[in-house]
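Asker: Would you mind keeping the following structure in view while I ask a few things?
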Amino acid sequence: MRIDNIILIFIVILASLHIIFEIVQFVYLRKQKNRIIINNDYRIWGIFYYNPDDQRIIVPKRIPWLGWTLNFARPSSIIFIAIIIMILILGMIK
């Protein structure tokens, strides 16, 4: 199998997972409206948590069962993401 086909399959799988995630999130938000704190004041594009007043680096997501996210207002979270991206790039080069 050619590498182009593998990349295409990977992109299709990621896109499908993203669509499924969005549908589940929409359904869950409608059912659990009163249990979810939706505060988009500290969200960039509704995705990235950015609150300079919050000292935490790792914060819970808007929907608790989805896990945790980073506070991108903290410099250490930016460094953490940069290190992960560098590791991925170095892994692709070798």
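The values are calculated or read from the model by the stated rules, or taken from the named source; none is laboratory data. Nothing here was measured: the structure is a model prediction, and the numbers come from that model. Don't worry about glycine lacking a Cβ; one is built from the backbone with ideal geometry, like all the others, and counts go over all protein chains shown.
Asker: Can you go through Ile58, Ile20, Ile44 and tell me which one is surrounded by fewer than 12 Cβ atoms within 10 Å (Cβ to Cβ) and at pLDDT 80 or above?
Answerer: From the options Ile58, Ile20, Ile44, the qualifying one is Ile20.
Asker: Name the pairs whose Cβ atoms lie under 8 Å apart, with the first residue in the range 75-89 and over 19 Å from Arg56 (Cβ atoms), the second modelled with pLDDT of 90 or more and surrounded by 10 or more Cβ atoms within 10 Å (Cβ to Cβ), and 6 or more positions between them or separate chains?
Answerer: none
Asker: Still on this structure: Tell me, please, whether a residue that is modelled with pLDDT of 75 or more, of a type in the set (Lys, Arg) and within 13 Å of the chain's Cα centre (by Cα) can be found in the range 74-85.
Answerer: No, the conditions are met nowhere in the range 74-85.
Asker: Failed condition for Trp65, given (1) closer than 19 Å to Gln25 by Cβ; (2) under 12 Å from the mean Cα position of the chain (by Cα), with all others met?
Answerer: Unmet condition: (2).
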